[in-house]
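A short worksheet on the structure shown next.
The values are calculated or read from the model by the stated rules, or taken from the named source; none is laboratory data. Every value quoted in this text rests on a predicted model; they were computed, and no experiment measured them. Positions of Cβ are backbone-derived with ideal geometry, glycine not excepted, and every protein chain shown enters the neighbour counts.
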Amino acid sequence: MLSLARKRVESAGWKNVTLIESSMESAVIPSWDAALFHYTQDVLRSPKALSNIFASAKNSARVALAGTKLFPWWLSPLNIYVRVVNRNYMTTTESLNRPWSLLQSDYIPDLNVRQIWLGASYIARGVYRRNSITSGSRTNGNPS
């Protein structure tokens, strides 16, 4: 996938895209002002990964995300399908009912989340403001 992305970036002549191959917990991430979390359940559930990512975020960085979540309680029998379909793509199903909860509580309190596909997916957007975090920023997954 990375080689495909590299070819696409090169052919399009994009100079503002940085491709990184690493675990998010240990990646060296340059300063950024916009990020897309696209079906990144494992990253969103890792305090250490989020801490590493947001350590290099510029104030007022824009964030967008999309992903899978569990159906609401009234469609809960369908959650078997959600778990089976996603089993090869995520290592944790922790908080699959609200995958964005760590991001919202620790980095983007005013995250705007919209559930789609009868509640089985979501899209969200928000702005990271370094000084607006009420629950305390994290460093390497530990409260500071």
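Please go through segment 1-25 and give me each residue that is part of a loop (DSSP other than H, G, I, E, B) and out of contact with any helix residue (DSSP H, G or I) (no Cβ under 7 Å at 6 or more places or on another chain), ordered by number.
Passing the criteria: Met1, Gly13, Trp14, Lys15, Asn16, Thr18, Ile20, Ser22, Ser23.
Arg62 is checked against (1) out of contact with any helix residue (DSSP H, G or I) (no Cβ under 9 Å at 6 or more places or on another chain); (2) more than 20 Å from Arg114 (Cβ to Cβ); (3) touching a residue at least 60 places away in the same chain (Cβ under 8 Å) and fails just one. What number does that condition carry?
(2)
In segment 72-118, which residue that is among the charged types (D, E, K, R) and in a helix (DSSP H, G or I) is surrounded by the fewest Cβ atoms within 10 Å (Cβ to Cβ)?
Top of the filtered list is Arg83.
Could you list, in sequence order, the residues of segment 19-65 that are within 18 Å of Gln104 (Cβ to Cβ), more than 13 Å from the chain's Cα centre (by Cα) and crowded, with 16+ Cβ neighbours inside 10 Å?
Ala57, Ala61
With the checklist (1) closer than 28 Å to Ser26 by Cβ; (2) modelled with pLDDT under 90; (3) more than 15 Å from the chain's Cα centre (by Cα) in hand, flag the one item Thr92 doesn't pass.
Result: Thr92 passes all but (3).
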